[in-house]
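This is the structure I have questions about; it appears just below.
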Amino acid sequence: MSIQFGPDYVRAIAPYQGGKPIAEVAREFGLDEAKIIKLASNENPLGMPQSAKQAMLAAVADIGRYPDSNGFELKQAISAKYGIPLDWITLGNGSNDILELAAHAFVQPAQAVVYSEYSFAVYALATQAVGGRAIVVAAKDHGHDLQAMAKAITAETRLVFIANPNNPTGTFLPAAEIEAFLRLVPQHVVVVLDEAYNEYLAPEFQYDSVAWVKQYPNLLVSRTMSKAYGLAGLRVGFGIAQPAITDLLNRIRQPFNVNSMAQAAAVAALTDSAFLQKSAQLNADGYRQLTQAFDAMDLEYVPSFGNFVLFRVGADDGAGARVNLALLKRGIIVRPVANYGLPQWIRVSIGLPEENEAFISALKQVLSGS
């Protein structure tokens, strides 16, 4: 009889599955790595900004020493950008770290966490990891139904996750809907507003979530530098909240959770407005390129406000896996989303124009059976 370690709720967790690495696909299908195109993980196709690269390389000179555990310079840069005090900031090893810290800080076993169907997989993982009880609210048009989510909150609820824009569907909640929701949430419930893709929003959709943090002491805004800022491999995220929340998060976060090179690169990237603007424009152009192709192929897709598009490839539940495999064999890595309950759909990240075109060409071949 084998010994089982740990609580049942930990053993029940299905580990997070990221997008397939290029090297793995090359080994599996005997392909040339240089010719493989990865459009699976919502990474910035421009890579990291040169300003961040130079700052990171300069930080290498002191790599034999521990990083600043409090991340003073990075917090100063965030403080200056968003107009908030330093003690309103929590640094994370990516925004995933912030999401998980929130679950550990505010949720005890059997207490409830509310999140939407078709929302980021880490919400479920973070809830399971602390033995929380998930209340998954049915999606509305592939996105959050905030009215239903508000009704799902009970006395046992401690945390609500909201992604805006949402991953993997790309849906967007207007500012007025979010603020109306915040007014309904009891003070004992912490709301995590996950804005991993906020920088890709067109100007007419931008809103000031930091102003809400000033008004609502139970709001935690989570941001990442893995997407538009191009620092996915360095893992930098941060949370913005009033000190009553950040104090708890900083008590339980790992010391030195953001390394020296990541901190230096993030400081530089935060002030590189030219790179951010270039990334947003490239993304907008790529979105039009992909969706025009989907329209021409008569493929259903969900209008997206992020740097990816969710599209439907068939009517049967094996369609997503089948098309994904066929694309992999052609050196195109996309993201099947059956684990989100969307087995007929695939999510594709927006890449460079030539990468998008290669994907479109391969998809046409796969769907035509050629």
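Every number in this text was worked out from the coordinates using simple rules, so none of it is lab data. Please read all numbers here as calculations on a predicted model, not as lab measurements. Every residue, glycine among them, receives a Cβ derived from its backbone with ideal geometry; neighbour counts consider all protein chains shown.
Longer than 31 Å from Cα to Cα, which of Lys140/Lys227; Lys53/Lys214; Lys53/Lys75 are they? Say none if no pair is.
From the list (Lys140/Lys227; Lys53/Lys214; Lys53/Lys75), the Cα-Cα distance tops 31 Å for Lys53/Lys214.
For the chain, give the share of DSSP beta bridges that are antiparallel, in percent and rounded to the nearest 5; count only bridges with both residues there.
Percentage antiparallel, nearest 5: 50.
To continue, here is another question. Would you kindly state how much longer the chain becomes between Ile63 and Ala175 on full extension, computed as 0.36 nm times their sequence separation minus their alpha carbon distance, in nm to one decimal?
36.1 nm
Still on this model: Toward the positive end of the charge dipole of the stretch 253-370, about the Cα centre and with charges on Cβ (Lys, Arg +1; Asp, Glu -1), which of Gly314, Leu299, Val334 goes farthest?
Going by the charge dipole, the pick is Val334.
Related question: For a footprinting-style exposure proxy, rank Tyr207, Tyr229 by other Cβ within 10 Å, fewest first.
Lowest to highest Cβ neighbour count: Tyr207, Tyr229.
Set Lys and Arg Cβ to +1 and Asp and Glu Cβ to -1, take the dipole of the stretch 55-272 about its Cα centre, and tell me which of Asn166, Pro243, Gln215 lies farthest positive.
Of the candidates, Pro243 comes out farthest on the positive side.
Report the FRET efficiency, 1/(1 + (r/R0)^6), for Ala244 and Ala155, where r is their Cβ-Cβ distance and R0 is 25 Å, rounded to 0.05.
Result of the calculation: an efficiency of 0.80.
Please arrange His142, His104 by counting, for each residue, the other beta carbons lying within 10 Å of its beta carbon, fewest first.
Ascending Cβ contact count within 10 Å gives the list His104, His142.
Taking the Cα centre of the chain as the origin, how large is its charge dipole in debye, to the nearest 20, when only Lys and Arg (+1) and Asp and Glu (-1) carry charge on their Cβ atoms?
480
Let me ask something else. For a quick check: sort Lys53, Lys227, Lys364 by the number of other beta carbons within 10 angstrom, fewest at the front.
Lys364, Lys53, Lys227
Okay, moving on. For Val10 and His104, calculate 0.36 nm times their separation in residues minus their Cα-Cα distance, and state this gained length in nm to one decimal.
32.5 nm
On to the next question. Given H placed on each backbone N at 1.01 Å, which residues far from Val190 in sequence or on other chains put an amide H within less than 5 Å of it?
Leu159, Val160
Of the peptides 271-283, 255-267, how do they stack up when ordered by the mean number of other Cβ atoms within 10 Å, highest first?
Ranked from most to least packed, the peptides come out as 255-267, 271-283.
Go through Phe256, Leu182, Val122 and say which Cα lies farthest out towards the positive end of the charge dipole of the chain; charges sit on Cβ, +1 for Lys and Arg, -1 for Asp and Glu.
The Cα lying farthest towards the positive end belongs to Phe256.
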